[in-house]
Each structure stands twice: as C-alpha cells, then as structure tokens.
Amino acid sequence: MLARFEFPSIPAPIAEKRPRQDTRHGITRTDEYGWLRAENWQEVLRNPAALAADIRAHLEAENAYQKAMMAETEEIQKLLFAEMKGRIKEDDSSVPMKDGPFAYGSAYREGGEHPRFFRTAREGGEEEILLDGDVEAEGKSYFNIGGISHSPDHRYLLWSSDDKGSEYFALRIRDLASRRDLEERIEGSSGSGTFTADSRGFYYARIDDNHRPSKIFFHALGADPAADRLVYEETDPGYFMSVFGSRLDDWIFIRIHDHETSEYRILPANHPEAAPRIVAPRQPGVLYDIEPAGEEFFILTNRDGAKDFKIMTAPAADPSPANWRELVPHEPGRLIMSILAFRDFLVRLERWEGLPRIVVRERATGEEHVIAFPEETYSLGLYGSYEYDTDVFRFSYSSMTTPAQEFDYNMRTRERVLLKTQEVPSGHNPEDYVTRRLMAPAPDGELVPISLVHRRGLPLDGSAPCLLYGYGAYGATISASFRTNCLSLVDRGFVYAIAHIRGGKDKGFSWYDDGKREKKQNTFTDFIACGRHLVELGYTSHDRLIAEGGSAGGMLIGAVANMAPRDFCALVAAVPFVDVLNTMLDETLPLTPPEWPEWGNPIASKRDYETIAAYSPYDNIRDQAYPAILALAGLTDPRVTYWEPAKWVARLRDHNTGRNPILLRVNLEAGHAGASGRFSRLEETALSYAFMLKVVGKMQ
C-alpha cells in the first residue's frame, strides 16, 4: 500500500491493562480493557457527570489526541462544514399534510438547528406555530425532539424530547388553544404515544431500568402520571414494544416483536378501560403487521413459509388467524416491505429485482398498477396520508444524482403532482454526475449490488479515491438516495459507493437470512468483494479505497479491518458495534436479549458463542498492520455503549504493527445519533471527511 499521508508524531494514549477473565462453555477469554465499562452505566445514561474519574480521564485523553492529530485539518473541516451547510436550504419547510380542518407541517428558520411545527387551515393560510424546537433547546448542550402528534380533536399536541442523548424521553402535552404545556410531565418514555378517540388521554411506553420499553400505560389528561394505569407489561426482555393508533381513530395497537417474531394486541380506541386482546399469539419465526381498513384488517406476514411476505385479510371484529384469508400471494423474490390502506385502495411498497416500486390496488376490483420510474437506481419513500377517506397519498423519490422530490399521487386518476423538489442553495446540476448500479461477484457466486455516483468525466483508471459505505444487518436496506454531504467528496474526485451486502433485504428476505447468525461472515466477504470489484473495474485502487459504516455497520468495518486490512487505506467507524461477544453475553444491556435472534445467544449456546467469537471485531484483533482508523462514539449512547469503541481502539493500538494512526473521538454530550441539531451534526461529518481527504492526500 502506498503511503499517501503524514500525521504528527504524537504519542497515543495508552489504556491501562487490567485483565479480567471470563469462562463460558469451557472457553476462557481475557479482556484487558473491560474496566472501561462503567459499572454504573445506567446512571451515566441519565447523568453523564456520574462517570468514573479514571474512565473520563481516558476518554478526554483520546479526544485530545484525536484533536492534535487532526490539527492540520481544522481549516478544511471548516471549509467542508461550510460546503455542506451551503447545500441545505436553511429556511426549508415541508409541504403541509391535510387532516380534517387543518394541514400540518414543519419548517426551519434561517440558522436554526431544530424544526418548528405548525399548522394552517386545510387549504392554506397563515401558519400557527405549535412547537418551536429552537426555543425549547435554548440553554441545552444536547436536545432532540422525539415523537410529535396531534389529538383527533386537534386541541392537543403530544410531544417528547431528550436532553442527554440517552433516549430517555420526557412526554408533554401542549394545549394548542393556550400554547402552554399541561402540568403533567412523564419522564422515561420511549418517545411517543397515541391518543384515544375522544382525545381525553393517550397510551405510551415507559422505559425500564435496563432501557427497554417493557410497559404500556394509559394517561388521562389532567391526572397525576404516578397514577397512570398499566395496560400491558411484557415480561420477556427479548422483545421490543410500541403502541400506536389508526388513521380512523378506531383501534389502538400494541406491537411486540424481536427481529424474527411479532405479536399484536389490540383494543378499541374509544374504550380506554378495555383490556388488550391478542390477534395471533407469537410463534417463533413468524412476523406479521396489521393495517386497519374499516371493517377489515390487512395483514402483512411471512406465515406458512412466505419468506418475502404475502398480504392477508381478516375481519376487524375477529382477526384471529382462523379468519385470515389470502389477498396477495407470496411471490419469491418480490419482497413486500409495507402496506397502506385507504377506503378504496391498498398501496404497497415492495422491492423487485433489487429496486423499490409502489403498487396501487383497487380494493373493489383487485386491479393493480405500478408507479414507474426511469433511472437505473433510485430510492422511494411512502409518506402516506393522515386521512383514510381519500384518493391521494404522498411519496418521495430521489436517486444518487437527483434531489429528493415529493409527489401527491391520485390513485383513481393516476395523476402525479410534484409538490416539492429539494433545493440545493449552493447549486446542483444532475447532469454533472453519473450514477451506476454494478454487481460484484461474492466468493460463493452471489452477485452483490453496488450503487455509486461520481463526477461525469472522472478517469476510471484506478486513480480516483473511493468511499465505500456498508451496513448489512437487521434486514435494513440502504437506499440509493440523494445525499448532499457526499458531494464534498465527489466534487473532489471521489467515487461514492454503497455496497448492498447480505444482512439487508436488498434482494429479498433471503438476502437478510444469508447475512445473520451462522451466515454472518457473508456480510463481511460481500463487502470485501465489492471493494475488490471496484478496483478491478478501475473505479479506484486499494491504496485509495476507504470504508465507512456505523453502528452494526461499524461491526462490518471492524471485521474487514481484521480480515482484509491491505484492501483499504482508511476506515471510519461511527458508534461501532465491535465488542459483539461481550455485549451478547451481558443480558443487562438494553439491546442484548432482543438482539439474540439476530446474532445468536452465546450464553445459552456454545455454537452461537463460537460463531460470534469467530468474527467479533474486538476478539479477532491480531498482530498486523492496520489501515488508518477513525472511530466515533457517544458517551450516553444506549445502543452501542461508548466502551465498545474505546476498548476496540485500545486493543487495536496494542496490536498494530504498522504506523497508521488509530483515532477515537467520544462526544461527551451525545448518544447514538451524535450531535443534536442539523448543523451540529455536520461538524462530525466534516471531521470524518477531513480524515479521509488527509489519508488520500487531497487536502487542497
């Protein structure tokens, strides 16, 4: 690999080794850096000042080292920040969506970090400000608005916020007549709730001490939250839980699920005293979702071997499985991702041959039509509608070269009305760029899609640097959408590419199954294959190839660092899930029991233990030369705890036989999503991009 950069010769922080041993299934492992895990981590999530002094000192030393090593890039960080900010319309606003007598929307003021929420009369008019995020954020180092919803009678606004980044949300109720919040305030919620039909109360989930939404409560407006009625408690820590309502305000749904099993409990929205009744009892491996549609439910499910899902119907009065009837059959390779019902139509978003499409079905006749798009690769989003009795729904479209567009679509006339095109104030000409969809051969013969964008006319002779992004977990599909930030790299001669690797659902549900548990290695080898394919086709060279991923995508980065360090000149890992085995062995952590279906349960199964141990990035670090690495973490992150990247970096440095720098930046005032505010987040992106530019020698 060619050396293309110089960092200062500054001694890196050396984490003290305090070996701890753990024996499971007759296998003993030693963790020299386990002390970085705060014993009082639950308290730290709520109060970061409670972090032990020795741990804080080490994290602060890491931040000081990162800052010193990146000092030369401070000017280009400012330039990158200005560029990215210049592509954001500062006073941007949404197109209001109609609901009864009003239309609801959100907007930013020039220079504002947080949105303000407003409504107008249904057909337009003066904006009535309901909630101003910038006002609510004043004086707070971190602030994030969670859920926000209006009551059926349009009198109240239920909203939540988090001021630490730990995702413990405070729920508040705003009286829209007085513009003041009611006295009651509910701490420790999951961030959202749903009103009863009469708007006199709402349901919400409360987070327990292990940061899991284990209880659903009902709150009557004006009552003491301490007296809220417990509606349902989930005693199995392996399940997530949420509560939401229907657009007809006729049902309340409690959804209980992990990554491969789901269960619904329902109750009428006009009877808050009712006990929830089960629809179909949870059955391992069976997923189903319910879309209410008047007197019937549409049910999206993988039941009876429908791996890519099918659509069933059932009477709302008795939606038990005995009454399920098939409407849209399972078709292998056609993944139905979501459905949306209206009085006369059923809309579904599906993925066919790796690309998304929207299909509209007339309920009375069964006639279907597809909304078509011309580009080689693109992204779709289904916004839907607040209203049920309508012929119009909203969707979004973009590609890697085309800014996001919002459309209202009339299902009856098939008329498509463009409502808004994303503005890029600093200018953007799609004709200046080329987007492509490639297929990289994986070691087992599968073809892995790659979406990419670069400047038109870029020489494809291996001289261009390339940023290859990947995720590959939980069935998440990384869309080929328009991203303004990456243009700061593309306009400097980069190729920006997305590897649609196994672990996502880009090629159907089997694409997900083939990238989890005992098949997890496919995720990593797919990504490596994508990088090598880009090199073979002349898009880049290995000494100019950079990999990036975050969260579970950070695990990907950690794995390929161990498996193919010579394939990449640099790696960027944001809140990386790299200490997989230790985390999956710790059932007290927020996401561990619900994640066992995704990764395996190494506590109960020796086979799962050995499977995870074979790829867990922290456990597979060895003496070898590693690429330059930048890791990003958040102190109050409840999803990927700060100590995972901290331990990973410490062990990497101890085993790195090369001279490439390994840097860690810990945001001491944020969690999983990084800094709050739309512009503050750009500073972290600017740091990552400056690191990449320095590594490939493009600092000008």
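No lab work stands behind these numbers, since they all come straight from the coordinates. Bear in mind that the values here come from a model prediction, so they are computed numbers and not experimental data. Cβ coordinates were reconstructed from backbone atoms using ideal geometry, including for glycine residues, and neighbour counts include every protein chain displayed.
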Worksheet item: Calculated from the structure, Rg and Dmax of the Cα atoms in Å equals which of [x] 25.3, 72; [y] 36.6, 125; [z] 28.0, 102?
Response: [x]
Worksheet item: Which lysines have a Cα less than 21 Å from the Cα of Lys505, not counting those fewer than 8 places away in the same chain?
Response: Lys307, Lys310, Lys516, Lys519, Lys520
Practice prompt. May I ask which residue of Ile55, Ala68, Thr477 lies farthest towards the positive end of the charge dipole of the chain, with charges of +1 (Lys, Arg) and -1 (Asp, Glu) on Cβ and the Cα centre as origin?
Written response: Ala68
Discussion item. Could you list Met312, Met400 so that the one with the fewest beta carbons within 10 Å of its beta carbon is first and the one with the most is last?
Written reply: Met312, Met400
Discussion item. With just the Cα atoms defining each centre, how far is region 321-339 from region 25-80? Give it in Å.
Written reply: 47
Discussion item. For the chain, take the longest principal axis of its alpha carbons; what is the angle in degrees between that and the long axis of helix 643-655, to the nearest 10 within 0 to 90?
Written reply: 20
Worksheet item: Given Cα pairs under 8 Å that are at least 6 residues apart, what percent is the relative contact order of the chain?
Response: 11
Item to complete: Give me the distance between the Cα centres of region 529-575 and region 627-662, rounded to whole Å.
Response: 16
Item to complete: Between beta-carbons, use under 15 Å as the cut-off and find the net charge around Arg180, counting Lys and Arg +1, Asp and Glu -1.
Response: -2
Worksheet item: Magnitude of the Cβ-charge dipole of the chain, K/R +1 and D/E -1, about the Cα centre, nearest 20 debye?
Response: 1400
Fill in: Under the Karplus curve 6.51 cos²θ - 1.76 cosθ + 1.60, θ = phi - 60°, whole-Hz ³J(HN,Hα) for region 228-233, x wherever Gly or Pro sits
4, 7, 6, 8, 7, 10
Response to the item:
Place a point 7 Å from the Cα of Leu230 in the direction of its beta carbon; the residues of region 593-615 whose amide N falls under 16 Å from it are none
Practice prompt. Might you report the magnitude of the Cβ-based charge dipole of region 140-286 about its Cα centre, with Lys and Arg at +1 and Asp and Glu at -1, to the nearest 20 debye?
Written response: 340
Fill in: In sequence order, calculated HN-Hα J values of region 71-81 (Karplus, 6.51, -1.76, 1.60; Hz; x Gly/Pro)
4, 5, 9, 4, 5, 6, 4, 5, 5, 4, 4
Worksheet item: When you count, for each residue, the other Cβ atoms within 10 Å and take the mean per peptide, how do 648-658, 194-204, 265-275 rank with the highest first?
Response: 194-204, 648-658, 265-275
Worksheet item: Helix 552-563 sits at what angle to the longest principal axis of the chain, using alpha carbons and giving 0 to 90 degrees rounded to 10?
Response: 30
Discussion item. Can you tell me the orientation of helix 680-695 relative to the chain, as the angle in degrees between its alpha-carbon axis and the longest Cα principal axis, to the nearest 10?
Written reply: 30
